[in-house]
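The values are calculated or read from the model by the stated rules, or taken from the named source; none is laboratory data. Keep in mind that this is a model prediction, so the values were computed, not measured. Because the Cβ atoms are built from the backbone with ideal geometry, glycine has one as well, and the counts that use them run over all protein chains shown. Accessible surface areas use protein heavy atoms only, side chains included; no ligands, DNA or RNA. Shrake-Rupley method; radii C 1.70, N 1.55, O 1.52, S 1.80 Å.
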Amino acid sequence: MYRLKFKLFELFEIPVYLDLTFALILFMFLQSGATFEAGLIEALVLAFSIVAHEFAHALTGRAFGCETHDITLSFIGGCASMLSMPRRGYQEFLVALAGPLMSFALSGLGFVCLLLLPTENYFLFMHLLACLMWMNLVLGCFNLLPGFPMDGGRIFRSVMLLFVSRPQATLIAMWVGRVFAVLLGLSGVYYLFNGGSWAFLRIFIAIMIWKDGYREYQLAQMEASWSYA
(Lines give C-alpha, C1' and ligand atoms only; values in the text may rest on other atoms or scores of the structure.)
Protein backbone atom coordinates (compact mmCIF):
# COMPACT_ATOMS: atom_id res chain seq x y z
CA MET A 1 0.00 0.00 0.00
CA TYR A 2 1.36 3.38 -1.00
CA ARG A 3 2.06 5.77 1.80
CA LEU A 4 3.05 9.37 1.40
CA LYS A 5 6.38 10.11 3.04
CA PHE A 6 9.15 12.64 2.65
CA LYS A 7 12.88 12.22 2.99
CA LEU A 8 14.27 14.32 5.84
CA PHE A 9 17.97 13.53 5.71
CA GLU A 10 20.51 10.73 5.36
CA LEU A 11 22.98 9.68 8.05
CA PHE A 12 25.45 6.76 7.99
CA GLU A 13 24.08 6.04 4.49
CA ILE A 14 20.63 5.40 5.97
CA PRO A 15 17.83 7.68 4.72
CA VAL A 16 15.28 8.95 7.25
CA TYR A 17 11.72 9.53 6.08
CA LEU A 18 8.76 11.32 7.63
CA ASP A 19 5.43 9.61 7.04
CA LEU A 20 2.57 12.06 6.60
CA THR A 21 0.74 10.40 9.50
CA PHE A 22 3.32 11.87 11.89
CA ALA A 23 1.48 15.17 11.40
CA LEU A 24 -1.21 13.71 13.70
CA ILE A 25 1.30 13.52 16.53
CA LEU A 26 2.51 17.04 15.80
CA PHE A 27 -1.07 18.30 15.84
CA MET A 28 -1.87 16.57 19.15
CA PHE A 29 1.23 17.97 20.84
CA LEU A 30 0.44 21.47 19.57
CA GLN A 31 -3.10 21.14 20.93
CA SER A 32 -2.11 19.71 24.31
CA GLY A 33 0.98 21.81 25.03
CA ALA A 34 0.89 24.65 27.55
CA THR A 35 1.91 26.97 24.70
CA PHE A 36 2.44 26.55 20.97
CA GLU A 37 6.22 26.65 21.49
CA ALA A 38 6.09 24.04 24.25
CA GLY A 39 3.97 21.72 22.12
CA LEU A 40 6.34 22.12 19.18
CA ILE A 41 9.33 21.32 21.40
CA GLU A 42 7.60 18.18 22.66
CA ALA A 43 6.91 16.96 19.13
CA LEU A 44 10.46 17.68 17.94
CA VAL A 45 12.05 16.02 20.99
CA LEU A 46 9.88 12.95 20.41
CA ALA A 47 10.91 12.81 16.73
CA PHE A 48 14.60 13.16 17.62
CA SER A 49 14.32 10.51 20.34
CA ILE A 50 12.62 8.00 18.04
CA VAL A 51 15.19 8.55 15.28
CA ALA A 52 18.07 8.08 17.74
CA HIS A 53 16.38 4.93 19.06
CA GLU A 54 16.05 3.49 15.55
CA PHE A 55 19.60 4.40 14.57
CA ALA A 56 20.81 2.45 17.60
CA HIS A 57 19.03 -0.61 16.21
CA ALA A 58 20.31 0.01 12.69
CA LEU A 59 23.96 0.56 13.57
CA THR A 60 24.05 -2.39 15.97
CA GLY A 61 22.54 -4.54 13.24
CA ARG A 62 25.18 -3.29 10.81
CA ALA A 63 27.87 -4.55 13.19
CA PHE A 64 26.45 -8.03 12.57
CA GLY A 65 26.18 -7.59 8.80
CA CYS A 66 22.51 -6.55 8.74
CA GLU A 67 21.98 -3.39 6.70
CA THR A 68 19.01 -1.03 7.06
CA HIS A 69 17.09 0.19 4.02
CA ASP A 70 15.60 3.25 5.74
CA ILE A 71 14.09 4.65 8.92
CA THR A 72 10.55 6.01 8.87
CA LEU A 73 8.78 8.21 11.40
CA SER A 74 5.01 7.75 11.63
CA PHE A 75 2.28 8.39 14.18
CA ILE A 76 2.88 4.97 15.80
CA GLY A 77 6.59 5.72 16.30
CA GLY A 78 9.58 4.72 14.23
CA CYS A 79 10.57 1.76 12.12
CA ALA A 80 14.04 0.73 10.94
CA SER A 81 13.46 -1.39 7.83
CA MET A 82 16.30 -3.88 7.99
CA LEU A 83 17.17 -5.78 4.81
CA SER A 84 18.04 -8.84 6.88
CA MET A 85 17.66 -9.82 10.52
CA PRO A 86 20.30 -11.22 12.88
CA ARG A 87 20.33 -15.02 12.73
CA ARG A 88 21.83 -15.78 16.11
CA GLY A 89 20.03 -15.30 19.38
CA TYR A 90 22.68 -13.14 21.02
CA GLN A 91 22.77 -10.89 17.94
CA GLU A 92 19.01 -10.36 17.99
CA PHE A 93 19.23 -9.72 21.74
CA LEU A 94 21.85 -6.98 21.29
CA VAL A 95 20.11 -5.37 18.29
CA ALA A 96 16.79 -5.27 20.14
CA LEU A 97 18.35 -3.98 23.35
CA ALA A 98 20.31 -1.21 21.59
CA GLY A 99 17.21 0.96 21.05
CA PRO A 100 16.04 1.06 24.69
CA LEU A 101 19.63 1.58 25.84
CA MET A 102 19.89 4.63 23.58
CA SER A 103 16.61 5.94 25.00
CA PHE A 104 17.84 5.49 28.57
CA ALA A 105 21.13 7.21 27.68
CA LEU A 106 19.25 10.23 26.29
CA SER A 107 17.02 10.27 29.37
CA GLY A 108 20.12 10.30 31.57
CA LEU A 109 21.61 13.09 29.48
CA GLY A 110 18.49 15.21 29.98
CA PHE A 111 18.56 14.52 33.72
CA VAL A 112 22.24 15.46 34.08
CA CYS A 113 21.77 18.66 32.04
CA LEU A 114 18.82 19.68 34.20
CA LEU A 115 20.98 19.25 37.28
CA LEU A 116 24.09 21.01 36.00
CA LEU A 117 22.97 23.71 33.59
CA PRO A 118 21.50 27.06 34.72
CA THR A 119 17.99 26.70 33.27
CA GLU A 120 15.92 28.66 35.80
CA ASN A 121 15.48 31.67 33.53
CA TYR A 122 15.05 29.70 30.32
CA PHE A 123 11.66 28.00 30.46
CA LEU A 124 11.70 26.55 26.94
CA PHE A 125 15.23 25.17 27.34
CA MET A 126 14.28 23.63 30.68
CA HIS A 127 11.14 22.20 29.05
CA LEU A 128 13.25 20.70 26.25
CA LEU A 129 15.55 18.94 28.74
CA ALA A 130 12.62 17.72 30.82
CA CYS A 131 10.99 16.32 27.69
CA LEU A 132 14.25 14.66 26.68
CA MET A 133 14.46 13.00 30.10
CA TRP A 134 10.86 11.84 30.53
CA MET A 135 10.03 10.95 26.93
CA ASN A 136 13.08 8.75 26.56
CA LEU A 137 12.47 7.11 29.92
CA VAL A 138 8.93 6.21 28.81
CA LEU A 139 10.12 5.23 25.32
CA GLY A 140 12.79 2.92 26.70
CA CYS A 141 10.51 1.28 29.27
CA PHE A 142 7.58 0.86 26.87
CA ASN A 143 9.75 -0.80 24.22
CA LEU A 144 11.00 -3.33 26.76
CA LEU A 145 7.47 -4.64 27.32
CA PRO A 146 6.95 -8.10 25.75
CA GLY A 147 4.80 -6.95 22.84
CA PHE A 148 6.42 -8.94 20.03
CA PRO A 149 7.68 -7.73 17.55
CA MET A 150 8.54 -4.75 19.77
CA ASP A 151 12.02 -4.69 21.31
CA GLY A 152 10.98 -6.46 24.49
CA GLY A 153 9.31 -9.21 22.48
CA ARG A 154 12.41 -9.68 20.34
CA ILE A 155 14.56 -9.86 23.46
CA PHE A 156 12.18 -12.51 24.83
CA ARG A 157 12.40 -14.49 21.57
CA SER A 158 16.19 -14.32 21.58
CA VAL A 159 16.19 -15.90 25.05
CA MET A 160 13.71 -18.58 23.96
CA LEU A 161 16.07 -19.50 21.11
CA LEU A 162 18.34 -21.01 23.75
CA PHE A 163 15.71 -23.70 24.35
CA VAL A 164 13.60 -24.17 21.20
CA SER A 165 13.76 -23.68 17.43
CA ARG A 166 13.23 -20.29 15.82
CA PRO A 167 9.64 -21.00 14.66
CA GLN A 168 8.74 -22.31 18.13
CA ALA A 169 10.39 -19.34 19.84
CA THR A 170 8.55 -16.99 17.50
CA LEU A 171 5.22 -18.72 18.17
CA ILE A 172 5.69 -18.39 21.94
CA ALA A 173 6.77 -14.74 21.61
CA MET A 174 3.79 -14.07 19.33
CA TRP A 175 1.27 -15.35 21.89
CA VAL A 176 2.94 -13.59 24.80
CA GLY A 177 2.80 -10.45 22.66
CA ARG A 178 -0.87 -11.02 21.89
CA VAL A 179 -1.71 -11.24 25.58
CA PHE A 180 0.08 -7.92 26.03
CA ALA A 181 -1.76 -6.52 22.97
CA VAL A 182 -5.15 -7.45 24.47
CA LEU A 183 -4.30 -5.76 27.76
CA LEU A 184 -3.00 -2.68 25.94
CA GLY A 185 -6.07 -2.55 23.73
CA LEU A 186 -8.43 -2.87 26.70
CA SER A 187 -6.61 -0.05 28.49
CA GLY A 188 -7.03 2.04 25.34
CA VAL A 189 -10.78 1.35 25.24
CA TYR A 190 -11.05 2.23 28.93
CA TYR A 191 -9.26 5.55 28.50
CA LEU A 192 -11.22 6.25 25.33
CA PHE A 193 -14.43 6.36 27.38
CA ASN A 194 -12.90 7.98 30.46
CA GLY A 195 -11.26 11.03 28.97
CA GLY A 196 -7.73 9.65 28.73
CA SER A 197 -5.37 11.11 26.17
CA TRP A 198 -3.72 9.07 23.41
CA ALA A 199 -6.22 6.22 23.91
CA PHE A 200 -6.55 5.64 20.16
CA LEU A 201 -2.78 5.19 19.90
CA ARG A 202 -2.86 2.35 22.46
CA ILE A 203 -5.58 0.61 20.47
CA PHE A 204 -3.74 1.01 17.17
CA ILE A 205 -0.45 -0.28 18.63
CA ALA A 206 -2.32 -3.27 20.10
CA ILE A 207 -3.76 -4.11 16.67
CA MET A 208 -0.33 -3.72 15.09
CA ILE A 209 1.27 -6.09 17.64
CA TRP A 210 -1.47 -8.68 17.09
CA LYS A 211 -1.04 -8.63 13.28
CA ASP A 212 2.71 -8.13 12.95
CA GLY A 213 3.54 -10.87 15.44
CA TYR A 214 1.75 -13.37 13.19
CA ARG A 215 3.65 -12.08 10.16
CA GLU A 216 6.90 -12.68 12.00
CA TYR A 217 5.77 -16.22 12.81
CA GLN A 218 4.94 -16.89 9.16
CA LEU A 219 8.36 -15.57 8.15
CA ALA A 220 10.08 -17.81 10.70
CA GLN A 221 8.20 -20.82 9.32
CA MET A 222 9.17 -19.98 5.74
CA GLU A 223 12.81 -19.51 6.67
CA ALA A 224 12.78 -22.86 8.45
CA SER A 225 11.29 -24.58 5.39
CA TRP A 226 13.93 -23.00 3.13
CA SER A 227 16.70 -24.29 5.34
CA TYR A 228 15.39 -27.84 4.98
CA ALA A 229 14.71 -27.58 1.25
Solvent-accessible area per residue, Å², over the range 117-229 with all protein chains present [probe radius 1.4 Å]: 58
Of the GluC sites (Glu not before Pro) in the range 1-87, those whose Cβ has at most 13 other Cβ within 10 Å and which sit in DSSP loop: GLU13, GLU67
In the range 91-197, the chymotrypsin sites (Phe, Trp or Tyr not before Pro) that fall in loop regions by DSSP, at most 16 other Cβ within 10 Å: TYR122, PHE163, PHE193
Electrostatic dipole magnitude of the range 84-229 [Cβ: Lys, Arg +1; Asp, Glu -1; Cα centre; debye, to 20]: 380
Neighbour cut-off at most 14 other Cβ (10 Å), DSSP loop, chymotrypsin sites (Phe, Trp or Tyr not before Pro), the range 1-92: TYR2, PHE12
Rounded to whole Å, sorted largest first: equivalent-ellipsoid semi-axes of the range 178-228, Cα gyration tensor: 33, 8, 4
Mean residue ellipticity (222 nm) of the chain, computed from DSSP H runs ≥ 4 via -39,500 (n - 2.57), nearest 500: -23500 deg cm²/dmol
Accessible-area composition of the chain, carbon plus sulfur, in percent [1.4 Å probe]: 71
Per-q log10 I(q)/I(0), the range 43-202, q = 0.13 Å⁻¹ (Debye; single scatterer per alpha-carbon; no solvent): -0.70
Radius of gyration and Dmax over the Cα atoms of the range 1-134, both given in Å: 16.4, 51
